[in-house]
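Note sheet for the following structure.
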Amino acid sequence: MYYGSVYILMLIIILALHNLSCIYICLGKMYYPNWIVQLGLNVKNYIEIYICSFYYVLSTLTTVGYGDISTYTVNERLYGIVLLIVGVVGYSMSLTKISGYF
């Protein structure tokens with residue numbers, strides 16, 4: 001089987017989620033007020049901010065979007081729209097590639 005390719009695909013997805021989460025954190029720190037302030041997070045607790053950002057990106061990319069973390073500024077909303085589009089396209093491409101293995 002092609003399990004090695006599936007593992008590589010999973011690694012690429014995790015690295016992409018990490019990068020997108022870091023971009024969302026940067027957007028949050030560029031403007032005030034932002035999603036970090038809106039959630040009442042401690043600005044010095046970077047792990048908590050990263051986990052919330054990773055959660056937001058993952059739930060937005062998979063189009064689940066629970067709504068407990070939302071955007072606050074216009075730039076954050078534009079980033080959310082881009083994430084939704086990238087999520088739908090990426091999810092479709094990933095399913096197509098994985099179904100080709102089986």
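The values are calculated or read from the model by the stated rules, or taken from the named source; none is laboratory data. All values derive from a computational prediction rather than experimental measurement. For neighbour counting, all protein chains shown are included, and Cβ atoms are generated from backbone atoms with ideal geometry for every residue, glycine included.
It is to be established whether one or more residues within the stretch 47-69 are among the small types (Gly, Ala, Ser), surrounded by 13 or more Cβ atoms within 10 Å (Cβ to Cβ) and modelled with pLDDT under 90. Scanning the stretch 47-69 turns up at least one residue that is among the small types (Gly, Ala, Ser), surrounded by 13 or more Cβ atoms within 10 Å (Cβ to Cβ) and modelled with pLDDT under 90.
Summed over the stretch 2-39, residues that are more than 30 Å from PHE102 (Cα to Cα) and touching a helix residue (DSSP H, G or I) at 6+ places or on another chain (Cβ under 8 Å) total 14. Evaluating LEU83 against the criteria (1) touching a residue at least 60 places away in the same chain (Cβ under 8 Å); (2) hydrophobic (A, V, I, L, M, F, W, C); (3) not in a helix (DSSP H, G or I) leaves one unmet condition, (3). Summed over the stretch 73-102, the residues that are farther than 19 Å from LEU58 by Cβ and of a type in the set (Phe, Trp, Tyr) give a count of 2.
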